[in-house]
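Before any comments, here is the structure.
The values are calculated or read from the model by the stated rules, or taken from the named source; none is laboratory data. All values derive from a computational prediction rather than experimental measurement. Please note: Cβ atoms are built from the backbone with ideal geometry, for glycine as well, and neighbour counts cover all protein chains shown. The accessibility values were calculated without ligands, DNA or RNA, using every heavy atom of the protein model including side chains. Shrake-Rupley method; radii C 1.70, N 1.55, O 1.52, S 1.80 Å.
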There are 2 protein chains.
Amino acid sequence: MRIAQVAPPFESVPPTRYGGTERVVSLLTEELVRRGHDVTLFASGDSTTRARLIPTVDTALWRLDEVRDPLPYWAITLGEAYRRARDGEFDVVHSHLDFQAFACADLCSTPTITTLHGRLDLPDLPRIYARFPAAGVVSISDSQRMPLPDLRWLRTVYNAVDVDRLAFNPKGGEYLLFLGRISPEKGLDRAIQVAKLAGLPLKVAARPPLQDTSDPVIRADREYYEGVVRPLLADGHVEMVGEIGDAEKPELLGNALALLFPIDWPEPFGLVMAEALACGTPVVARSRGSVPEIVTHGVTGLIGETNEELARLCHEIHLIDRQTCRDEAVRRFSPTVMACGYEEVYCEETGDRRQESGGVGRLMTEAV
Amino acid sequence: MRIAQVAPPFESVPPTRYGGTERVVSLLTEELVRRGHDVTLFASGDSTTRARLIPTVDTALWRLDEVRDPLPYWAITLGEAYRRARDGEFDVVHSHLDFQAFACADLCSTPTITTLHGRLDLPDLPRIYARFPAAGVVSISDSQRMPLPDLRWLRTVYNAVDVDRLAFNPKGGEYLLFLGRISPEKGLDRAIQVAKLAGLPLKVAARPPLQDTSDPVIRADREYYEGVVRPLLADGHVEMVGEIGDAEKPELLGNALALLFPIDWPEPFGLVMAEALACGTPVVARSRGSVPEIVTHGVTGLIGETNEELARLCHEIHLIDRQTCRDEAVRRFSPTVMACGYEEVYCEETGDRRQESGGVGRLMTEAV
């Protein structure tokens, strides 16, 4: 199949560090190539792929200081991808640009499917999605759909993690781990308090918040770090290991007793949970968003609510079998499984189009 | 002709106060309707027009506090306009969205022409325009083109002002006038110093800068106002009249001795110069951007550089004939003249397309 993968221009594919969407696009692209598809990847020029790479920008925008306005780069990305789609180069366009490709998709006979990678409970979104009822979208968890149940949902395809590189560690270790953004919704303050209540050491792998004060989100993260997190660091049971790269992940994840995931927001997927499971490390989490889909309580982790409860669960985590965590990660979150899921979506959508153009319509079947 | 006018969703058409692009789109739309065209206006739902209005948002986004992210509304605007263009509803799409419509325009057999309303010397722009060499663009002054000379420039069509409502005042008055944003590049500090050197009163019609400190541009404007402008207000020759609406403009402009326009940036057009001329009021300006195209030195105004020179020119302004200012405004900046200019562009572009589809290409003729 001739498949276009269209990534945002902000981070390379794969990303050097932070960048969940680009990580997933990379795993999907390489696996589709491996399976014999003719894949074209639209992404920043510093991306690395075995597919045909069409650079939308020379360098990922997050690495360029002089880029003030992202709008031109969305337009460039759409222009490059859909000009080729118009010329018949692809059987299907797979967009990772949220709603940004919808207007172009409406004008192009090649079908577009869009994976929505973000949270969908934001105030502007119902207005836009209502204007594009024909856009076929894929969710990365069933729970992600809840704010917008009436979209043309094609399927849930869970994100994959690199199960080959995330080596299984059958023994684990003695520390709890927090890996993620320092942001109120990710709950680092809760993680620190849970570890203290449990009497266990906590390693925190996270980049300190940026200093840029013009972005209100960055400013809020910084205020959270300075006002809420930093005072909790005095106790001495917390080790800040900074932002880590892919090479360091298997060791840090595999040697942990458990991953702490005490979030307070509707997490659409939560890649780090799947990464921990791939290393054999179970998850102790709060039940928000995708959590009960990714972690099976009592099988691959333990789910609780209050800090006291989570601390107690940390002491019960030895009841979870690490081999089962690994097996479940491979069974549910491997690139092969993800690529199979998308192949089915591509076939359904291209098949549908052919039927429509032949005058025979049929109802979409909810595929989840 | 069946014409789509596509306006940004941020301000109504016409705008209530500030909003040069929307003001010009409104004048063009109404004049095209008057001339018998079938015009569809894509704009916020609180717009007022004799054309068919397709609301892209219910209320102009600048009036909605809860709108954080403009991206969805660009996508909605493009989706609404180009879905109808795809279905053959228009002979031509006239976009006022800068480069935003280029990707859709490439996918649509109906030709799009784009008027560029802003400055073009920003760092991101060469990259995007290089990706869409086929996009036909209209400049609002010849000088606007300088940073990007190699675009497919179709023509310069000067902006229009409402010459019927901006009544001619043959006598003028005794004060100098500054009308515009309080922003370093607009030169309010220079205007105050020029008026002081000239020994003439200055009226300033401008909204005080906003308090929002998260936007770096707004913050810079506020710092300019507090740090540079406010200390100059102590002298007592300056009267701040606040932000004014369209109804107050003819009196304030017509009763002035001269409009002061001591800018320090490549102004792409400068509507207020044309508005002043329509009321018979000449312009004292610095030669930046469009200024020498809009103001003819010695005929409709006087152009200088330093504050001392500008102050001296204020005392020579009685040499400029106010009737000539009015006549030149009507001759060059009336809605009729603007609509004629665009009609020619529409005909050239739709004619070209018809020829191309018949297999006969021809070179574009530079029309300026």
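Listed values, structure above:
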{"read-out": "Under 12 Å from the Cα of residue A:249 - aspartates and glutamates, other chains or at least 8 residues apart", "value": "A:162, A:275"}
{"read-out": "Relative contact order (%) - criterion: Cα under 8 Å, at least six apart; region: region B:2-79", "value": "33"}
{"read-out": "Mean Kyte hydropathy of -0.5 or more with a Cα span along the axis of at least 24 Å, helices from DSSP in chain A", "value": "none"}
{"read-out": "Additional length obtainable on full extension of the chain from residue A:312 to residue A:174, 0.36 nm per residue less Cα span", "value": "48.2 nm"}
{"read-out": "Kirkwood Rh and Cα Rg combined as Rg/Rh, region B:238-310", "value": "0.96"}
{"read-out": "For chain B, built as a Gaussian network whose Cα springs stay under 10 Å, the top-fluctuating residue of B:37, B:117, B:96", "value": "B:37"}
{"read-out": "Inter-label distance for residue A:34 and residue A:327, nm, one decimal - labels placed 7 Å from Cα along Cα-to-Cβ", "value": "2.2"}
{"read-out": "Share of pairwise Cα separations in region B:116-193, more than 19 Å, in percent", "value": "59"}
{"read-out": "Compactness of the protein assembly as shown, expressed as Rg and Dmax over alpha-carbon positions, Å", "value": "30.0, 95"}
{"read-out": "Value of relative contact order over region A:111-245, rounded to a whole percent, pairs C-alpha under 8 Å and six or more apart", "value": "19"}
{"read-out": "√(5λ) per eigenvalue of the Cα gyration tensor, region A:71-119, largest first, Å", "value": "17, 13, 8"}
{"read-out": "Prolate/oblate/rounded label for region B:115-254 (Cα gyration tensor, a/c 1.5)", "value": "oblate"}
{"read-out": "Pairwise label distance in nanometres, residue B:219 with residue B:244, each label 7 Å out on the Cα-Cβ vector", "value": "3.4"}
{"read-out": "Among B:118, B:88, B:254: highest mean-square fluctuation, GNM of chain B, C-alpha pairs under 10 Å", "value": "B:88"}
{"read-out": "Loop GluC sites (Glu not before Pro), region B:180-249, which have at most 16 other Cβ atoms in a 10 Å radius of their Cβ (DSSP)", "value": "B:243"}
{"read-out": "Rh by Kirkwood over Cα pairs, then Stokes-Einstein D for chain B at 1.002 mPa s and 20 °C, µm²/s", "value": "100"}
{"read-out": "Among A:145, A:288, A:63, residue whose mean-square fluctuation peaks in a GNM of chain A (springs only between Cα atoms under 10 Å)", "value": "A:63"}
{"read-out": "Distance between modelled label sites at residue B:89 and residue A:234, nm, 7 Å Cα→Cβ extension", "value": "6.4"}
{"read-out": "Proximal lysines relative to residue A:196, as straight alpha-carbon distance under 22 Å, when same-chain residues fewer than 8 apart are discounted", "value": "A:186"}
{"read-out": "Area hidden from solvent between A and B (accessible, protein heavy atoms only, 1.4 Å, total, Å²)", "value": "3100"}
{"read-out": "10 Å-binned pair-distance histogram of region A:192-297 (Cα, whole percent)", "value": "13, 39, 40, 8, 0"}
{"read-out": "Percentage relative contact order, chain A, counting C-alpha pairs under 8 Å, at least six apart", "value": "16"}
{"read-out": "Kirkwood Rh in Å, taken over all unlike Cα pairs in region B:1-75", "value": "12.4"}
